[in-house]
Amino acid sequence: MTKKKILYIADGNSFHDIKWIKYFSKQTEKYKCYILTDSSSLISESSKLILKQHQIEILGPINPISISKPLKTIQSIIKFKLLIKEINPNIIHVLFATPNALWVNFTNNPYIVSTRGSDILNVIPDLLKTNGIRGFYDRFLFRKFKIAFSKAQYVTGTSYKQIEKLKQDMGVRNPVLVRTGVEINKINLLEKEELLELSIRNTPTILSPRFMNPIYNIDLQVDTIYLLSKVIIDKYTFIFIKGRTCENKYYQKIKEKLEDLEKNRNLKYKIYDFVDQETLWMLLKKTSLCIMTPISDGTPNSALEAMAARKPLIIPALEYDKDLFEKSCFQLSSFSKLELKSKIEQALESYPLEMIELGYKKVTEFGDNAIEMSKIEAFYKSIK
């Protein structure tokens, strides 16, 4: 059997990207997998090790496309074309459209574009909202994204809202819903308490699994902590994850508030710079409550992982897919601190068992990674 060569244009530090790729890279008799990243997101040493373990060959990095840097952009395009000529992949697969989908404008190889959330829900539509010289540049980029989508063999999105945006904004005729999905059995079977510090193991925790960037609205959670009772503050340790792409000014603002809460309310908290996949799963399995409050979202894997771990979950007032999230967790109706406070108190006191079981049932049916990746594999097989 001749192996299919798949070139992924993706983020080598992303759990979600690696999860998609490793499903195919471990099928060594069928696929040879490569990953190409741009220099704005250099792959960490720990991620390089993970990619190597999963037999994913690293290419690049390559400088991002930028009209303001024409010489570097021309050099990058030449480098990209030479890489394509050298590898001659059977399929190129773009994971997260912005900015990765711009590259497929410079190849004739068949390709797939997969959107994940903010790329198609915010970043691309916002290109049409700027004015002046910047507006001219952004509209040019919008057209390039639209061309990239129009020539794709397949376009996928991880939520129904993305599917609608792909149809309306990009004119994609038949986008396909393919969620990233989670590895439910691995989450259930994982028992590695040694991944957690002793202080975390021995106290109840409340977990905020999304990174400290403005889009994830961590400040709403921290502002709400000010309103919580002394009983909750004294009992629980609050866990946050900074993330590798954290905006420093935003992080400093959050950190100052947490330090103030520590000083004046005796808050116990822990900020991880970053955690690997298994550590995140153990944090989820250990926690008493998982909270996420982004202002824009696709189908959040951390929410699915919380449901797979059978944990209480609070999600924000966004248009999430009902087949997954309706009646399977607490959902806010606003971005109000008072409402979030009330939901936290209710979740810690009397989160319904039937909600946990329904969440587990729904993630098993609609959010299993193996089922979702089998859809992608069908696309790969159809591309000759």
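The values are calculated or read from the model by the stated rules, or taken from the named source; none is laboratory data. These numbers come from a predicted model, not from an experiment. Positions of Cβ are backbone-derived with ideal geometry, glycine not excepted, and every protein chain shown enters the neighbour counts. The area values use the complete protein model at the heavy-atom level, side chains included, leaving out ligands, DNA and RNA. Shrake-Rupley method; radii C 1.70, N 1.55, O 1.52, S 1.80 Å.
A count restricted to region 342-384 and to residues that are of a type outside the set (Gly, Ala, Ser) and not in a helix (DSSP H, G or I) stands at 5.
Taken over region 335-363, residues that are farther than 27 Å from residue 187 by Cα, open to solvent by less than 40 Å² (accessible area, probe 1.4 Å) and touching a residue at least 12 places away in the same chain (Cβ under 8 Å) amount to 1.
Of the residues making up region 35-62, those that are open to solvent by less than 60 Å² (accessible area, probe 1.4 Å), without any contact (Cβ under 8 Å) to a residue 60 or more places away in the chain and assigned to a loop (DSSP other than H, G, I, E, B) are 39, 43, 54. Do you know which residues across region 275-320 are charged (D, E, K, R) and part of a helix (DSSP H, G or I)? Once the filter is applied, which keeps residues that are charged (D, E, K, R) and part of a helix (DSSP H, G or I), region 275-320 yields 278, 285, 286, 305. Scanning region 15-34 for residues that are among the polar types (S, T, N, Q) and open to solvent by 10 Å² or more (accessible area, probe 1.4 Å), we see that the one that is farthest from residue 300 (Cα to Cα) is 28.
Checking the stated criteria, residue 322 turns out to be more than 21 Å from residue 183 (Cβ to Cβ), surrounded by fewer than 14 Cβ atoms within 10 Å (Cβ to Cβ) and not acidic (Asp, Glu).
Residues in region 217-274 that are in a helix (DSSP H, G or I) and open to solvent by less than 10 Å² (accessible area, probe 1.4 Å): 218, 222, 224, 225, 233, 254, 258, 261.
Within region 192-213, residues that are over 18 Å from residue 277 (Cα atoms) reach partners that are in a loop (DSSP other than H, G, I, E, B) and modelled with pLDDT under 95 with beta carbons closer than 8 Å, at six or more positions or on different chains, in the pairs 213/243; 213/245; 213/246; 213/247. Here are some conditions: (1) in a helix (DSSP H, G or I); (2) at pLDDT 95 or above; (3) out of contact with any strand residue (DSSP E or B) (no Cβ under 6 Å at 6 or more places or on another chain). Residue 122 meets all but one. Which one does it not meet? Here residue 122 meets the rest and fails (2). Filtering region 364-384 to residues that are touching a residue at least 60 places away in the same chain (Cβ under 8 Å) and under 12 Å from residue 304 (Cβ atoms) leaves 364, 366, 367, 368, 369, 372. Of all residues in region 127-169, those being under 24 Å from residue 106 (Cβ atoms) and either touching a residue at least 24 places away in the same chain (Cβ under 8 Å) or open to solvent by 60 Å² or more (accessible area, probe 1.4 Å) (or both) number 24. Could you please let me know if residue 330 is free of Cβ contacts under 8 Å to residues at least 40 places away in the same chain and not hydroxyl-bearing (Ser, Thr, Tyr)? Criteria met by residue 330. When 335, 330 are screened for being under 23 Å from residue 164 (Cβ atoms), more than 16 Å from the chain's Cα centre (by Cα) and not basic (Lys, Arg), only 335 passes.
For (1) in a helix (DSSP H, G or I); (2) modelled with pLDDT of 95 or more; (3) among the β-branched types (Val, Ile, Thr), each residue gets a yes or a no:
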residue: 2; (1), (2), (3): no, no, yes
residue: 7; (1), (2), (3): no, yes, no
residue: 73; (1), (2), (3): yes, no, yes
residue: 89; (1), (2), (3): no, yes, no
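Looking at 376, 371, just one residue is surrounded by fewer than 18 Cβ atoms within 10 Å (Cβ to Cβ) and closer than 23 Å to residue 14 by Cα, and that residue is 371.
In the set (1) open to solvent by 10 Å² or more (accessible area, probe 1.4 Å); (2) of a type in the set (S, T, N, Q); (3) within 25 Å of residue 16 (Cβ to Cβ), residue 115 fails one condition alone, (1). Pairing each residue of region 105-118 that is free of Cβ contacts under 8 Å to residues at least 60 places away in the same chain with any residue that is open to solvent by 30 Å² or more (accessible area, probe 1.4 Å) and not hydrophobic (A, V, I, L, M, F, W, C), provided the two are 6+ apart or on different chains, yields C-beta distances under 7 Å for 105/144; 106/81; 111/153. Only residues that are open to solvent by 10 Å² or more (accessible area, probe 1.4 Å) and touching a Ser or Thr at 6+ places or on another chain (Cβ under 9 Å) were counted in region 1-14, giving 4.
Evaluation of residue 102 against the conditions (1) modelled with pLDDT under 95; (2) in contact with a helix residue (DSSP H, G or I) (Cβ under 7 Å, 6 or more places away or on another chain); (3) open to solvent by less than 30 Å² (accessible area, probe 1.4 Å) shows that the sole unmet condition is (1).
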